[in-house]
């Protein structure tokens, strides 16, 4: 995430389109077209796919995954052309290997979903990859939006951000993993920020050996800038009316004395820039794994939502996974009958609000695919949730009396956002019951049965689940981990702990500042309500539409309360919160007969997930001791951690030893 703490929240701006030029849309702000008026598809194939030699990837680098960055994602045409070629080449590959394509598209002024659909309608009918892209085209929310099609081995990260900010953020991760670059911003003379020495310098920092670059332009400043950053650059005949375009590759920098005079003068300053950047890091790399690996076999401890999502993320990337659960799948904090996909927009950027809305958007895209058997997507084969039983994309309303935030967000009514501000009259019409509050309407939200979600995520041939297997011992010899449970001992390359509050009793992680919160839900028969809401309603509590005749509503809030007894007083609290939020929703019930469910959840002080390699606590504290006196100090160098060991205590999002597994 790009750090913008405490700046006013704004959506990404959308462009103004003009179709006056026959055959191609024009961006009015930059006064330039998105692709060739002659044939945009063929231009993409010639300039980018062939120019970068990605079309030769499976021959040049057999079995190897590919990572590509495009500056200026625009209409998505380059992605569709590239992904279609990738699928066709992989299917024809005789080696049996199925390498993965990780495509990163960046755009500071992204098209709206409607604009993207209108443009794609003019493409040839055989562009069959456009459907999945358009069906999942992200809203205009700043940040990274991940679209993942595991069966096709394609991941698309869409950054609705300024390219320099994105590349600077990626450089901070200290990974040289980009194999191909598509430079496809508007013409350099009209979009100077996207064609700068700083951008080329970031490209060098992120590029793997012999990374290749392709671009439609042949501008002298671009050619000289790429050469100065360490790329060898050649001119090629251009496409259509363009006389020339450029392609090149990153050079393995030899001794400058052996270079031609013009190159030695330009490459040497680049090396100094790289060294300066290392000295001028903005943050300490405390969250980075200094030696990421891809495990062959991983053990996940815990089969709740967190463990299930991490296990699936690993399995989708070819890792064999064993899940150990001390009780049963979705016991503990994932055992409620219903949950709601939820976020809470803010009028200011912050780590929590940015993460929350990015997580919400990722979740609703996934659940939309799993709940809709006829979705236009490339979801995993056989992967589905049963509508009305396992969940429903019903949308939810967040009732609020924070009029300052609602008024602020209301100014973006014309932006394609995942929510809409509504007054009490509009909410009354939407919900079908009298509503005295204003609020936000999230049409893509879902209610879900957590157990069904866990079982769906764990239903993968690469995942084995062992229920009623409590971990007794965990040890490592520095090369592998050994996990002892019951009468079984498992050897593995990596261990992921996803067992909530149990981590506070574990010798590796007992120092973590985690808090247990008791929550009791109330199972309210749908017949108790004079009107049955078909939209989820969130207030101080929540009320989803009924599942098999029961609303699982709640929930009580009991910090540091570990008791699991069911309490009539907390059923009364749940009902009181509902009646206060919606006094017009008449309910007829007998408090003495209400039943529900009690579970414990685990949280952190800032409500952000804890994820990453588990630190070697004593060494970690010594290494970062200076932060105690000045929290903005930058302490460079790899931070101490337990090798090949990772924990994820609260969230279904994790980065697992180089697998980039955020699901």
Among (i) 31.7; (ii) 37.0; (iii) 35.1, the entry that matches mean projected area of the Cα convex hull in nm² as calculated here: (i)
Neighbour-count ranking [beta-carbon atoms within 10 angstrom, fewest first] of 67, 454: 67, 454
Peptides 523-531, 611-619, 360-368 ordered by average Cβ neighbours within 10 Å, highest first: 360-368, 611-619, 523-531
Antiparallel bridges, percent of DSSP beta bridges restricted to the chain (to nearest 5): 65
Relative contact order %, the chain, counting alpha carbon pairs below 8 Å whose residues are six or more apart: 13
Sorted peptide list for 582-590, 48-56, criterion being average Cβ within 10 angstrom, highest first: 48-56, 582-590
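Over all directions, average the projected area of the Cα convex hull of region 39-279 and note it in nm². Before the final figure, lay out each step's value.
Values: hull surface 54.2 nm².
That works out to 13.6 nm², a quarter of the Cα hull's surface.
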Share, in percent, of DSSP beta bridges within region 39-279 that are antiparallel, nearest 5: 45
For peptides 187-199, 621-633, 68-80, sequence by mean Cβ density within 10 Å, most packed first: 68-80, 187-199, 621-633
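Okay, helix-only estimate at 222 nm for the chain: each DSSP H run of n ≥ 4 adds -39500 (n - 2.57), divide by all residues, round to 500 deg cm²/dmol; what do you get? Each step should come with its number before you reach the end.
Values: 16 runs with 164 residues, N = 663.
Rounded to the nearest 500, the figure is -7500 deg cm²/dmol.
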Cβ-based exposure ranking for 342, 607, in which fewest neighbours within 10 Å come first: 607, 342
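Since every read-out is calculated from the coordinates, none of them should be taken as a lab result. From a predicted model like this one, the values you see are computed outputs, not experimental measurements. Note that we place each Cβ from the backbone using ideal geometry, even for glycine, and neighbour counts take in every protein chain shown.
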